[in-house]
1. Scan the range 1-53 residue by residue and report those that are at pLDDT below 75, among the β-branched types (Val, Ile, Thr) and within 16 Å of the chain's Cα centre (by Cα).
2. For residues that are within 30 Å of Ala99 (Cα to Cα) and either surrounded by fewer than 17 Cβ atoms within 10 Å (Cβ to Cβ) or in contact with a Lys or Arg (Cβ under 6 Å, 6 or more places away or on another chain) (or both), tally how many sit in the range 50-75.
Amino acid sequence: MRVPGRCRIVGCAGRIAPDFPAQTPGFCPAHLQLASASSRTLLQSAAKRLLNLQQSWDDETRFNAVVARGRYLAFCMLLQAAHDRLDRASARVAEEVLAAARPSARLRPVEIAARDEGKRSEAAAFPASSRRPSNGD
C-alpha cells in the first residue's frame, strides 16, 4: 500500500516532488530525476495545460462565454484531450522512473552479463528429459 505524499518507489521514504501537480505520478525529486528531461518537460506542460483548461471551466464568466458561442462540446473534447495527454505523459515518466529504479538497471553491463551467464549455466545443468513439458508438448 502506498502512503499518500510519499514516493511510489518501494522502500523510498522521500516526499513527492512539490513542483508537480497531484494528477501526476508520485515520485520524490531524486527518483523523478531518473526520467528524461524531455519526459519531465512534457509532463509539466501537459499538467499546466490541463490546469488552465480546468480554471476556464471553473470560471463562470469564461464558461458562459464558451457556451454562448456554441462551443461547449468542443470545450469538453479539448478538456478530455488534455486529460489524455496528461495521462500519457504521466505513464511515460512513471515507466522511465520505474525502469531506472529496478535493481538490474543499477547493475553494470559486466554484472548483467555474469548474471545472465549464471542463468544459462543453470538451465544447461538439467537435461531436457527432466524438464517439465510446456503447454502443447
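1. Thr24
2. Residues in the range 50-75 being within 30 Å of Ala99 (Cα to Cα) and either surrounded by fewer than 17 Cβ atoms within 10 Å (Cβ to Cβ) or in contact with a Lys or Arg (Cβ under 6 Å, 6 or more places away or on another chain) (or both): 1 in total.
The values are calculated or read from the model by the stated rules, or taken from the named source; none is laboratory data. Here the structure is a predicted model, which means the values were calculated and not measured. Neighbour counts are summed over all protein chains in view; Cβ atoms, including those assigned to glycine, are modelled from backbone coordinates with ideal geometry.
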